[in-house]
Amino acid sequence: MDVDNWDEIRTAFHVARLGTVSGAAEALGVHHATVIRHVDALEDRLGVKLFQRHARGYTPTEAGEELLRVAQVTADQFSQLAGRLRGRGAAMTGELTVTTVDSLTPLLVPVLSGFQAEHPELTLRLMADSRLYRLEYGEAHVAVRAGSQPDEPDNIVQRLYTLRYALYANAGYVAAHGRLGEDLAAHCYVGPSDEDHRAPFNRWLKANVPAGRVGFRASDARAQVEAVAAGAGIGFVPVWWAERLPGLEQMHPPLAEWDVPLWLVTHVDLHRTAKVQSLTTRLKDAAKEWP
């Protein structure tokens, strides 16, 4: 990236952050025509529209939002460098992006909400979906991931928590079909859409329950839990989640072979920034109190 490219990106970042050409021009100390020229040149270079122009200012497109996230992390990296050179950490300002899977949001949102309330100048962005956000590309500051230990280079990985799973059914199902006995095929089950899903409890389900007895399948964990709670059959539910759902009865206690580890992942370039350190410490403290 040459100097002109960086000037254009920095200009577009300020336009996305402030929403107006005049605001970006004032923040950068340049003429508004320079801002327009930089944005137009960057859009031409990338071949995409970064902003929707309207009477009130500039609104980022989806591509513009991606630029804003990457540029924010780059700005954080410069802030971290400046802080080290000055002998102190970066300020608790700007954006802090956390990524995880949707099924973990009930655990994480209370922690993240309390953290943001304590740091009102910090904008916290939670990206909760199945996409694997790339920390090395600046798509997120902190990731909470489930399953096998992440092994991407330049990431710092810490064990956060162990998800314990048990088999549950709702009270109505138990009243109609009885409790789980030795004959597993005598019951109906809830499972994943992908019969070869690699989660350990799903591998157990495939190995021990005939496929024809899994009458309700869903592609995401939240839908599977909701199906169990609705009486569709017996299914795996994290113990912490089951404790929040009245009417569920445990049909089989947790087994160690069903456990799923949670990992706290940060990139080495941002790991020691004040806001990343503060949030990861808060998450680790909170995890000690989770069921």
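The values are calculated or read from the model by the stated rules, or taken from the named source; none is laboratory data. None of the values given here were measured: they were computed from a predicted structure. Here the Cβ positions follow ideal geometry from the backbone for every residue, glycine too, while neighbour counts run over all protein chains shown. Calculation scope for accessible area: heavy atoms of the full protein, side chains included, ligands and nucleic acids excluded. Shrake-Rupley method; radii C 1.70, N 1.55, O 1.52, S 1.80 Å.
Run the dipole for segment 124-185 about the Cα centre, Lys and Arg Cβ at +1, Asp and Glu Cβ at -1, nothing else charged, and hand back the magnitude in debye, nearest 20. Each step should come with its number before you reach the end.
On the way: 7 positive and 8 negative charges, 55 e Å.
Value, rounded to 20: 260 debye.
Using helices alone, I'd like the mean residue ellipticity at 222 nm for the chain: each DSSP H run of four-plus residues gives -39500 (n - 2.57), total over residue count, nearest 500.
Values: 10 runs with 122 residues, N = 291.
My calculation for the chain gives -13000 deg cm²/dmol from helical runs alone.
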Residue separation between L46 and E118 times 0.36 nm, minus their alpha-carbon distance, gives in nm 22.1 nm
For segment 146-274, whose charge dipole is built from +1 on Lys and Arg Cβ atoms and -1 on Asp and Glu Cβ atoms, the candidate among Y168, Q224, A207 with its Cα farthest towards the positive end is Y168
How far is helix 221-230 tilted, in degrees, relative to the longest principal axis of the Cα atoms in the chain, given as a value from 0 to 90 rounded to the nearest 10?
-> 40
Please give the helix 62-86 orientation as an angle from the longest Cα principal axis of the chain, in degrees from 0 to 90, rounded to the nearest 10.
-> 70
Regression test value, accessible area per residue of segment 6-85, probe 1.4 Å, units Å², expected 54
For T105, the accessible surface traced by a 1.4 Å probe with all protein chains present amounts, in square angstrom to the nearest 10, to 20
Percent of Cα pairs exceeding the 29 Å cut-off, where the set is the chain = 48
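What is the dipole size for segment 165-258, taken about its Cα centre, with +1 at each Lys and Arg Cβ and -1 at each Asp and Glu Cβ, in debye to the nearest 20? Could you put the intermediate results ahead of the total?
Numbers: 8 positive and 10 negative charges, 13 e Å.
My answer is approximately 60 debye.
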Can you give the three extents of the C-alpha atoms in segment 165-258 along their principal axes, from longest to shortest, in whole Å?
-> 30, 27, 24
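State to the nearest 20 debye the size of the charge dipole of the chain about its Cα centre, where the only charges are +1 on K and R beta carbons and -1 on D and E beta carbons. Can you show the working numbers first?
Values: 30 positive and 36 negative charges, 112 e Å.
Charge dipole, the chain, about its Cα centre: 540 debye, nearest 20.
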When the charge dipole of the chain is computed with +1 at the Cβ of Lys and Arg and -1 at the Cβ of Asp and Glu, the Cα pointing farthest to the positive end, of G94, V48, A117, is that of A117
Roughly how many Å² of D40 are accessible to a 1.4 Å probe, to the nearest 10?
-> 60
Relative to the chain, whose Cα atoms define the longest principal axis, helix 105-118 and its Cα axis are tilted in degrees, nearest 10, by 40
Between L248, A128, W258, whose Cα lies farthest towards the positive end of the dipole of the chain when Lys and Arg beta carbons carry +1 and Asp and Glu beta carbons carry -1, centred on the Cα centre?
-> L248
Report the accessible area of R17, computed with a 1.4 Å probe over the heavy atoms of all protein chains in place, in Å² rounded to the nearest 10.
-> 120
Simple spin-label estimate for Q77 and R179 in nanometres, 7 Å along Cα-Cβ = 5.8
Fraction of accessible area attributable to carbon and sulfur, segment 165-258 (%, probe 1.4 Å) | 51
